[in-house]
Structures are given as C-alpha cells and as structure tokens.
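Undergrad: Please see the structure below; I have some questions.
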Amino acid sequence: MPELPEVETIKQELFDKILGKKINFLEIFTPELIKNISLGDFKKYIAGEEIKDILRRGKYLILKLKKASLIIHFRMTGKLIFAKNKLPPSKSTHLIFYFEGGDQLIYQDLRKFGEFKLSFKEDFSDILGIKKLGIEPLSKEFRLETFKALLKSKNANLKLFLIDQTKIAGIGNLYACEILFKAKIHPQRKTLSLKEGEIQALYQAIKEILKKAIFYKGSSLRDEQYQTLGGKLGGFQKHHQVYAKAGENCPRCKSIIQKIILGQRGTYFCPNCQE
DNA sequence: CTGCGGTCCTGAAGGC
DNA sequence: TGCCTTCAGGACCGCA
C-alpha cells in the first residue's frame with residue numbers, strides 16, 4: 001500500500017525520468033479511474049503538455065502541468081512503471097502516458113481502487129481529499145508542540161489517530177504499526193493518556209520510521225505489489241518489526257506478536273513491550 | 001458533529 | 001484435488 005515513503009520514492013524517481021518532458025498522448029483502458037472530470041477533458045488537459053513539477057502531499061502524487069495538475073492516489077495496489085519499450089499487455093494496466101522520445105509511464109492497479117483527478121487550483125483545494133489533509137510529518141512545521149496540540153484535539157484511539165489523514169498526512173496502517181512499536185506504545189492507548197516521555201518517543205518514532213522507510217525506498221509486501229519505478233522492490237520490509245508478523249517473536253523481548261482489528265484494519269503489536 | 005460499518009476490487013490462501 | 005469462502009484495506013458515503 002503506497003503510503004508516504006512509497007509515494008515519496010516514486011516522486012523522487014519521477015524527477016529524473018519525466019521532469020520537463022512532454023506527454024504526447026495517453027491511452028485510458030479503465031475510464032472509471034478518472035474521477036472528477038470527463039474523459040475528453042482529462043485527455044485535453046494532459047496531452048501535449050510538459051511536466052512542470054512533481055510533488056507529494058500525504059499519499060497523493062501530483063504532476064503539475066500547464067493549466068492543470070494531475071492528482072494520483074494509489075490506494076492499495078496502484079503502481080507506476082517507467083518503460084522505454086512497450087510492455088506485454090496486462091489485465092491490471094489501466095492507463096499509459098506516452099512521452100516524447102518514446103518513454104512510457106504505465107499505471108497498473110490490481111484492485112482498481114486508485115484514483116486520477118485534475119486540479120485547477122494552485123493549492124489543490126478543489127480536491128477534497130487534499131484540502132482536508134493534516135500536517136506533513138517530515139516538514140519543518142511538524143514540531144513537538146504542534147504534535148502535542150494535535151494529540152490534545154480529541155481523545156482518540158492512538159492507532160486511529162495516526163492513520164487519520166486530517167491530523168497527520170501520509171501515515172497508513174503499516175507505518176502506524178511500526179511507529180507504535182518503536183515508541184513502545186500500545187495501539188489502543190488514548191491520545192490524552194500519553195505521558196510527556198511517551199509523546200516525545202512517539203514524535204521521534206514518526207519521523208525516524210518514515211525517514212528510514214524512504215531511505216530504503218519503501219516497503220514491498222506480496223499482496224500490495226508496490227515497486228519502485230524501475231520495477232525493483234523497496235527494501236524496508238526487511239526492517240519491519242511487527243507488521244504482518246502475528247505469531248512471530250517480538251524482536252525486542254521475544255514475546256509473541258499479536259494481531260487485533262482496529263478500525264477494520266489488521267493491527268500488529270507486541271503485548272509485552274508496548275504499554 | 002461523531003462514530004461506526006458498508007462499499008469498492010481481485011488474486012491468494014485457507015478450509016473441508 | 002477442487003471448489004468455496006475469507007482476507008487484504010484508503011477514502012468516502014450514509015446512517016443513527
């Protein structure tokens with residue numbers, strides 16, 4: 001599931017490949033993935049235009065064009081592949097951008113949950129999902145005091161707080177589990193119950209886990225099929241401590257890692273060293 | 001306003 | 001071996 005580190009990796013790789021390049025035309029095989037605009041208009045604003053800039057906001061990838069910005073959300077199984085030559089046809093190929101010089105950017109998505117939208121505002125505020133996003137956890141603005149204020153805004157279950165995109169942008173189920181493990185905090189704790197030391201540990205864990213995951217180019221799990229643009233797997237899954245490891249020994253204390261369901265999502269933690 | 005659960009989707013994996 | 005059921009989950013939507 002492309003979360004902040006995976007989308008950031010894709011963004012950085014796209015910089016080298018397509019920044020300043022012109023999209024000659026595009027093929028759309030699955031029109032229902034285009035959400036907020038007609039197919040004709042979607043093509044009209046993209047074909048013939050140059051990639052002016054590439055941004056990430058939360059889990060959204062943003063390609064700035066001349067008159068519009070292309071907004072991509074990968075959901076669980078969406079991925080982009082950069083190719084010099086035509087790839088063999090695939091059931092999960094839904095969209096192909098053809099660049100000048102023959103390069104292709106191919107969007108594949110097994111479950112077809114991904115979304116393509118066009119934004120016509122400089123701050124993307126016409127895209128509701130982006131407008132509602134909370135703070136970027138790797139930005140300068142994400143200070144300890146800011147984080148404390150966010151925690152105080154509601155007495156929420158901590159795991160649900162971390163994946164709430166309107167509070168902090170970009171953390172999904174996987175990284176929430178890893179962050180809570182690093183901070184040694186139980187996922188069912190309430191935001192208002194955290195002590196000063198725990199708040200600091202959590203704040204540090206958010207930044208460290210996300211940065212480390214970006215360093216390793218994201219996490220590739222079998223089910224999600226995330227891969228970097230060049231078709232390589234990310235490397236952070238080798239450093240996962242708890243996610244999808246129910247029944248295995250905790251790497252810290254050797255207790256058995258448990259799985260519970262919170263907010264309809266699998267939540268993995270060590271019942272002994274996460275308090 | 002809040003919180004909960006349903007919805008979308010499809011291949012893999014598990015059970016009998 | 002083969003068929004059927006269950007599972008994975010981000011964001012959105014509707015309802016109580």
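The values are calculated or read from the model by the stated rules, or taken from the named source; none is laboratory data. Here the structure is a predicted model, which means the values were calculated and not measured. Note that each Cβ is placed from the backbone with ideal geometry, even for glycine, and that neighbours are counted across all protein chains shown. Accessible surface areas use protein heavy atoms only, side chains included; no ligands, DNA or RNA. Shrake-Rupley method; radii C 1.70, N 1.55, O 1.52, S 1.80 Å.
Undergrad: Treating only the Cβ atoms of Lys and Arg (+1) and Asp and Glu (-1) as charged, compute the dipole magnitude of chain A about its Cα centre; round to the nearest 20 debye. Could you put the intermediate results ahead of the total?
TA: On the way: 49 positive and 30 negative charges, 89 e Å.
Dipole about the Cα centre, nearest 20: 420 debye.
Undergrad: Mind pulling the angle between the C-alpha long axis of helix A:4-18 and the longest principal axis of chain A? Nearest 10 degrees, somewhere in 0 to 90.
TA: Result, in degrees: 30.
Undergrad: Here's another thing I want to ask about it. Over 29 Å between Cα atoms, which of A:Lys131/A:Lys190; A:Lys35/A:Lys86; A:Lys64/A:Lys86; A:Lys67/A:Lys154 qualify? Each step should come with its number before you reach the end.
TA: On the way: A:Lys131/A:Lys190 26 Å; A:Lys35/A:Lys86 26 Å; A:Lys64/A:Lys86 25 Å; A:Lys67/A:Lys154 39 Å.
In this structure, A:Lys67/A:Lys154 lie more than 29 Å apart at Cα.
Undergrad: Moving to a separate point now. Name all residues of the range A:105-125 having a backbone nitrogen under 19 Å from the label point set 7 Å from the Cα of A:Lys86 along its Cα→Cβ direction, giving them as ranges.
TA: A:105-108
Undergrad: May I ask for the distance between the Cα centers of the range A:160-206 and the range A:1-74, given as a whole number of Å?
TA: Between the Cα centre of the range A:160-206 and that of the range A:1-74, the gap is 31 Å.
Undergrad: Given a Förster radius of 45 Å and the C-beta distance between A:Glu50 and A:Asn249 as r, what FRET efficiency does 1/(1 + (r/R0)^6) yield to the nearest 0.05? Could the numbers behind the result be given before it?
TA: Working: r = 53 Å, r/R0 = 1.17.
Calculated transfer efficiency: 0.30.
Undergrad: By how many nm would the segment from A:Ile28 to A:Lys11 grow when fully extended, if each residue of separation counts as 0.36 nm and the alpha-carbon distance is taken off? If you can, show how the numbers build up before the last one.
TA: Details: separation 17, 0.36 × 17 = 6.12 nm, distance 2.18 nm.
Gain in length upon complete extension: 3.9 nm.
Undergrad: What accessible area per residue, rounded to a whole number of Å², is obtained for chain A using a probe radius of 1.4 Å? Let's see the in-between values first.
TA: Values: 12890 Å² over 275 residues.
That works out to 47 Å² for each residue.
Undergrad: Quick check for me: using +1 on Lys/Arg Cβ and -1 on Asp/Glu Cβ, what's the dipole size of the range A:144-269 about its Cα centre, in debye to the nearest 20?
TA: On the way: 22 positive and 9 negative charges, 33 e Å.
Value, rounded to 20: 160 debye.
Undergrad: Under 18 Å between alpha carbons, and skipping anything fewer than 8 positions from A:Lys245 in its own chain: which lysines qualify?
TA: Candidates past the 8-residue exclusion: A:Lys159, A:Lys182, A:Lys184, A:Lys254, A:Lys259.
Undergrad: Please list A:Ile260, A:Ile10 in order of solvent-accessible area, largest first, computed with a 1.4 Å probe with all protein chains present. Provide the component values of the computation, followed by the final result.
TA: On the way: A:Ile260 40, A:Ile10 5 Å².
If we order A:Ile260, A:Ile10 from most to least accessible, we get A:Ile260, A:Ile10.
Undergrad: Give the residue from A:Gly40, A:Phe116, A:Val7 lying farthest towards the positive end of the charge dipole for the range A:1-130; charges sit on Cβ (+1 for Lys and Arg, -1 for Asp and Glu) and the dipole is referred to the Cα centre.
TA: The one lying farthest along the dipole's positive direction is A:Gly40.
Undergrad: Using Cα atoms only, what is the angle between the long axis of helix A:173-182 and the major principal axis of chain A, expressed in degrees (0 to 90) to the nearest 10?
TA: 40
Undergrad: Could you derive backbone 3J(HN,Hα) for the range A:87-96 from the dihedral phi with the Karplus parameters 6.51, -1.76 and 1.60 (θ = phi - 60°), listing whole Hz in sequence and x where the residue is Gly or Pro?
TA: In residue order, the calculated couplings are 8, x, x, 9, 4, 9, 7, 10, 7, 9 Hz.
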